[in-house]
Amino acid sequence: MQITEQAFGKDYHLITIKNEDGFHLAVTDLGARIVRLGRDKELILGFDSAEEYLEKDPFIGGTIGRTAGRIENGRFTLDDQEYQVAVDPTTGHSLHGGKPGFEAKKWDYTIENGDDEASIIFTTVSPDGEHGFPGNLTVEVRHTLTDENVWRVTTKGISDQTTLFNPTNHVYFNLTGDVTQAIDDHTLWLNSESFASLRPDTIPTGEITAAAGTPFDFQTEKPLADVFASDFEQKNQCNGLDHPFFLKESHLQQTAAKLTSPDGNIELTVSTDSSSVVIFTANFGEDGPEIHGEKLAHHGGITFETQIAPGAEQFPEFGSITLPANETFETTTEYKITLKEAKKHGN
């Protein structure tokens with residue numbers, strides 16, 4: 001595996017792994033984030049410098065935490081003690097663990113290179129009381145590229161006090177490689193028969209809603225355009241998808257999601273040991289950023305943010321995001337890219 005390091009602006013670094021097939025994964029110590037993924041074209045959204053992430057959208061591709069989703073009013077209870085964490089002044093709710101969060105930190109990193117795969121291992125410490133969360137939390141995020149074109153993300157955390165921890169990676173995929181093209185003609189399949197309904201302010205209602213019979217049923221593969229064209233109330237609230245989907249199975253041997261490019265030549269499969277995945281379809285309207293000099297289309301990307309469903313701190317049926325003191329949390333997600341067009345060339 002070939003590994004290169006280069007300056008990424010503002011004293012940050014870009015580290016690129018390339019396998020024998022020429023498929024690459026690039027990550028940066030700004031937010032332990034993924035920046036590039038692909039071979040002949042970029043299959044994810046990403047900027048060209050650290051400055052652009054900080055100025056335009058620090059969440060794209062970033063490691064998100066301490067908690068990935070929203071916490072209503074920034075309040076929760078642990079061990080009979082109530083906590084108030086930082087909230088967004090506009091919504092009054094906590095989002096992504098507070099700003100600046102993991103996505104804005106400069107992470108330490110080391111490199112491991114092997115015959116079949118290579119990894120960049122990022123580490124950081126979130127100090128006790130950061131944004132109101134208890135405990136000194138040590139976090140490790142390992143980005144791996146294999147010779148099978150699998151990007152694997154493994155996240156670990158340990159705290160000296162009981163705390164909340166529910167990290168994710170905020171990657172956006174667009175398998176056309178063209179940020180001006182919406183994802184409407186991508187087809188999506190999900191190993192999910194239920195989702196979390198949201199209030200208009202995108203806080204979960206606590207209801208686990210059956211997907212069958214709704215536009216949010218992806219148990220049969222279908223184009224995302226079908227969802228966008230629907231008059232489904234949950235879609236209309238967000239102008240797209242911004243919802244946690246509960247997975248029927250949570251282990252790396254089971255495909256959780258499959259996304260296929262409009263021409264059918266590129267297929268993404270996602271597998272995870274997380275219990276849910278938040279699907280967000282870049283519902284930015286005209287407010288999307290410029291990426292590589294081009295304006296991002298409305299619905300110009302789709303996330304697969306594997307995690308425990310947001311709202312778990314108040315709805316136990318969603319799962320638990322409590323991390324007991326001195327216990328290690330670990331989660332792994334794999335994103336496999338199959339380049340069917342490459343097979344025609346004998347690769």
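The values are calculated or read from the model by the stated rules, or taken from the named source; none is laboratory data. Since the structure is predicted, the reported quantities are computational estimates derived from the model, not experimental observations. Counting neighbours? That spans all protein chains shown, and the Cβs are built from the backbone with ideal geometry, glycine included. The protein model used for the area step is the full one, side chains on, heavy atoms only, and it has no ligands, DNA or RNA in it. Shrake-Rupley method; radii C 1.70, N 1.55, O 1.52, S 1.80 Å.
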Subject >> The one condition in (1) at pLDDT 95 or above; (2) within 25 Å of Thr303 (Cα to Cα) that Asp128 fails to fulfil >> reply: (2)
Subject >> Criterion violated by Arg39 - all others in (1) surrounded by 24 or more Cβ atoms within 10 Å (Cβ to Cβ); (2) in contact with a helix residue (DSSP H, G or I) (Cβ under 8 Å, 6 or more places away or on another chain) satisfied >> reply: (1)
Original post:
So which of Ile279, Ile337 ends up being in a strand (DSSP E or B), of a type in the set (Val, Ile, Thr), open to solvent by less than 50 Å² (accessible area, probe 1.4 Å) and over 19 Å from Ile64 (Cα atoms)?
Top reply: Ile337
Original post:
Among the residues of region 6-25, is there at least one that is buried (at least 24 other Cβ atoms within 10 Å of the Cβ) and hydroxyl-bearing (Ser, Thr, Tyr)?
Top reply: no
**OP:** State whether the residues of region 138-146 include one that is touching a residue at least 60 places away in the same chain (Cβ under 8 Å), of a type outside the set (A, V, I, L, M, F, W, C), under 18 Å from Gly97 (Cα atoms) and in a strand (DSSP E or B).
**Re:** no
**OP:** Just need a number here: residues in region 29-73 that are closer than 17 Å to Ala282 by Cα and part of a helix (DSSP H, G or I).
**Re:** 2
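Based on what the data block shows, is Ser261 modelled with pLDDT of 95 or more, over 27 Å from Glu72 (Cβ atoms), of a type in the set (Ser, Thr, Tyr) and crowded, with 21+ Cβ neighbours inside 10 Å?
Working: modelled with pLDDT of 95 or more: yes; over 27 Å from Glu72 (Cβ atoms): yes; of a type in the set (Ser, Thr, Tyr): yes; crowded, with 21+ Cβ neighbours inside 10 Å: yes.
The answer is yes for Ser261.
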Original post:
How many residues are within 19 Å of Asp79 (Cα to Cα) and either touching an Asp or Glu at 6+ places or on another chain (Cβ under 8 Å) or modelled with pLDDT under 95 (or both) if we restrict to region 323-347?
Top reply: 2
Subject >> Single unsatisfied condition, Leu95 versus (1) in contact with an Asp or Glu (Cβ under 6 Å, 6 or more places away or on another chain); (2) at positive phi; (3) not small (Gly, Ala, Ser) >> reply: (2)
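Just to be sure before I move on: is His251 surrounded by 15 or more Cβ atoms within 10 Å (Cβ to Cβ) and not basic (Lys, Arg) in the structure I sent? Before the answer, list the steps.
Values: surrounded by 15 or more Cβ atoms within 10 Å (Cβ to Cβ): no; not basic (Lys, Arg): yes.
Here the answer is no, as His251 does not meet what is asked.
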**OP:** Answer yes or no: is there a residue in region 86-109 that is aromatic (Phe, Trp, Tyr), open to solvent by 10 Å² or more (accessible area, probe 1.4 Å), modelled with pLDDT of 95 or more and in a strand (DSSP E or B).
**Re:** yes
**OP:** Return yes or no: is Thr328 open to solvent by less than 10 Å² (accessible area, probe 1.4 Å) and more than 20 Å from Pro223 (Cβ to Cβ)?
**Re:** no
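So which of Ala309, Ala282, Ala297, Ala325 ends up being more than 20 Å from the chain's Cα centre (by Cα) and among the small types (Gly, Ala, Ser)?
Values: Ala309 fails: more than 20 Å from the chain's Cα centre (by Cα); Ala282 fails: more than 20 Å from the chain's Cα centre (by Cα); Ala297 fails: more than 20 Å from the chain's Cα centre (by Cα).
Only one candidate passes the filter, namely Ala325.
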Subject >> Selection from region 129-187 of residues that are within 22 Å of Glu221 (Cα to Cα) and of a type in the set (Asp, Glu) >> reply: Asp184, Asp185
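Only one of these is open to solvent by less than 30 Å² (accessible area, probe 1.4 Å) and touching a residue at least 40 places away in the same chain (Cβ under 8 Å): Thr187, Thr176, Thr209, Thr124. Name it. Explain how you work it out, then say what you get.
Values: Thr187 fails: open to solvent by less than 30 Å² (accessible area, probe 1.4 Å); Thr176 fails: open to solvent by less than 30 Å² (accessible area, probe 1.4 Å); Thr209 fails: touching a residue at least 40 places away in the same chain (Cβ under 8 Å).
Result: Thr124 is the single residue among Thr187, Thr176, Thr209, Thr124 that is open to solvent by less than 30 Å² (accessible area, probe 1.4 Å) and touching a residue at least 40 places away in the same chain (Cβ under 8 Å).
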Original post:
Which residue out of Thr303, Thr272 is open to solvent by less than 10 Å² (accessible area, probe 1.4 Å) and more than 20 Å from Val179 (Cβ to Cβ)?
Top reply: Thr272
Subject >> Verdict on Ala229 being modelled with pLDDT of 95 or more, farther than 28 Å from Asp57 by Cβ and surrounded by fewer than 16 Cβ atoms within 10 Å (Cβ to Cβ) >> reply: no
